[in-house]
Amino acid sequence: MADLVKELISGVVDSVLKEILKKTTGRATTKRKKSKTRGASTTAAARKPASTARKTATTRKPARKQVSKRRTAAGRSRQRRS
């Protein structure tokens, strides 16, 4: 009887450990990259002649309206954990 209980408990513990380890593996946090600032000599405005750079600045399209992005269930739980 004691062996049966011991076997049952060890089986439950093994399955729980496998479940925990299965969920945590392969999920690496994403690293944010810093935006690099470029020198004035490498920008597009510096490479173009002065006359064409002025034309593009006046005929700019208006900025698009931002659309709110809905969080997924996974995203919400990830936010709760951190």
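The values are calculated or read from the model by the stated rules, or taken from the named source; none is laboratory data. No experiment lies behind these values; they were computed from the predicted model shown. Note: ideal-geometry Cβ built from the backbone for every residue, glycine included; neighbour counts use all protein chains shown.
For region 29-46, give me each residue that is surrounded by fewer than 10 Cβ atoms within 10 Å (Cβ to Cβ) and at pLDDT below 70.
T29, A40, S41, T42, A44 - these are the residues of region 29-46 that are surrounded by fewer than 10 Cβ atoms within 10 Å (Cβ to Cβ) and at pLDDT below 70.
Regarding region 57-70, can at least one residue be identified that is of a type in the set (A, V, I, L, M, F, W, C), exposed (fewer than 10 other Cβ atoms within 10 Å of the Cβ) and either on the phi > 0 side of the Ramachandran plot or modelled with pLDDT of 80 or more (or both)? It would help to see each step written out before you state the result.
Taking region 57-70 and keeping what is of a type in the set (A, V, I, L, M, F, W, C), we get 57, 63, 67.
Imposing the further condition that a residue be exposed (fewer than 10 other Cβ atoms within 10 Å of the Cβ) reduces the set to 57, 63, 67.
Subset that is either on the phi > 0 side of the Ramachandran plot or modelled with pLDDT of 80 or more (or both): 63, 67.
Yes, region 57-70 contains at least one residue that is of a type in the set (A, V, I, L, M, F, W, C), exposed (fewer than 10 other Cβ atoms within 10 Å of the Cβ) and either on the phi > 0 side of the Ramachandran plot or modelled with pLDDT of 80 or more (or both).
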